[in-house]
Each structure stands twice: as C-alpha cells, then as structure tokens.
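Heads up, the thing below is written out as structure tokens.
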Amino acid sequence: RRMSFLATHLIGFGAAADVAAGVNPTVSYLQSNSSGSDGASFTFTAQNIGTAASNRKIIVCAGGSNNNQAVTGITVGGVSCTLAVTATASGAGIFAGMAIGIADVPTGTTGDVVVTFAGSQFRCGIALFSVIDLNSSTANATTSDITGSSGVAAITLDIPANGFGIAYGYQYDDGSSTFGWTGLTEDAAADAQVGA
C-alpha cells in the first residue's frame, strides 16, 4: 500500500479445523458495509447473515477512525460477539479502533449488526462472514499491524492445516492514497472516505 495521509490498519484471525469431528469449517463471505456518520455506536440494519444452521457462527470485522478508541462490543442479530482480536493506536497520523468478533447465531438470515466504541468515531466499516462446522470460537492465532503515514501494513498469521484465516484492513485517508491487497483472497473493498 502507498499512503499519502493518515493510517492503514490490519488485523487477522486464524482458526483450526474440528479434527475430532473429522470436518473442516466452511467459510462464506457475506457482505460489507460502512457508515459515514460520526458517533460511538453504529447500527447496520438487516445485514445478510447467510443461511441458518445449528452450527453456524458469524464473524464480524469492524473498524473505526479516531485516536485510541477501542471497539468495546459487537452484536449480530442481538447476540453478543466474543472479541477475538482488537487493536487500537494513537499518535501522529494514526487513527485506529478495530476488532474481529465471533458469535453463535444459529437462526435467521438477516440481522442488525451493532458496533460500539469507547468513544466517538468519525466513521465505521464492517465485513461479515459465516462459518459452519467451526469447533471453537477461540482463535488459533491473532495479530495486528497499525501503521502511520506512508507505511505498509502487513501481518503473518498462523493458520492450521484445514483451518482458515480472515484479515480485515481499514484505511483512514484523504482520498489521495491507493489501497492494494496481497496474500489472502480479497472479498470486498468499500470506500468510507474521510478527510480533506
């Protein structure tokens, strides 16, 4: 990534297959969304949460833009997520508050997603994934990298055999930088541009 203004943030979540059950998890990207409003809490109404299943977990990736304001909670369809990984940073040109949350959501095909931060944010973005046959909501590995102006965010993530990894990037910029992605397959990119 080439940055001209502000910051790039990247977090990751790696999970293992259910070896005892002899099945591998099936991961499906569902959708992304973003809000251009300011606030400490963001509600994304009637989001796609995929096909209902008794063994379905929903993973929500979220990011916001303000100095050192952590994600304090995520709910999906009224169910509270376990925050598997969080990252915050503050300083010259660095604005970050990110998290990846996971919850058991066996019923429904749509649901409200609510992301709450410790303080007001300038913007918020989310991405949703459905996982079937995941044996645990505990991550095998998590990581994060928050980089200021002109930096490249990069992570190394331990993904077990037959497991999976999800990474979420959030860039706060003035519209003059470029955003590229290598490594994991990019499922979506959304523009919630802020700045001059």
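The values are calculated or read from the model by the stated rules, or taken from the named source; none is laboratory data. All of these numbers come straight from a predicted model, not from anything done at the bench. Glycine also receives a Cβ, built like all others from the backbone with ideal geometry; neighbour counts cover every protein chain displayed. The protein model used for the area step is the full one, side chains on, heavy atoms only, and it has no ligands, DNA or RNA in it. Shrake-Rupley method; radii C 1.70, N 1.55, O 1.52, S 1.80 Å.
Structural remarks
- A simple count of charges around residue 49, restricted to other residues whose Cβ falls under 11 Å of its Cβ and scoring Lys, Arg +1 and Asp, Glu -1, yields +1.
- Modelled FRET efficiency - R0 35 Å, residue 37 with residue 79, Cβ distances, 0.05 increments: 0.90
- Extension gain for residue 136 to residue 109 (0.36 nm times residue separation, less C-alpha to C-alpha distance): 7.5 nm.
- Amide H contacts for residue 84 (H built 1.01 Å from N in the peptide plane; partners 5 or more residues away or on another chain; cut-off under 5 Å): 100, 101, 102.
- Remark: accessible surface ordering of 38, 112 (largest first) is 38, 112, probe radius 1.4 Å.
- In order along region 40-57, the phi-based Karplus estimate (6.51 cos²θ - 1.76 cosθ + 1.60, θ = phi - 60°) of 3J(HN,Hα) comes to 9, 9, 10, 10, 9, 7, 6, 7, 5, 10, x, 7, 5, 7, 4, 10, 8, 10 Hz; Gly and Pro are listed as x.
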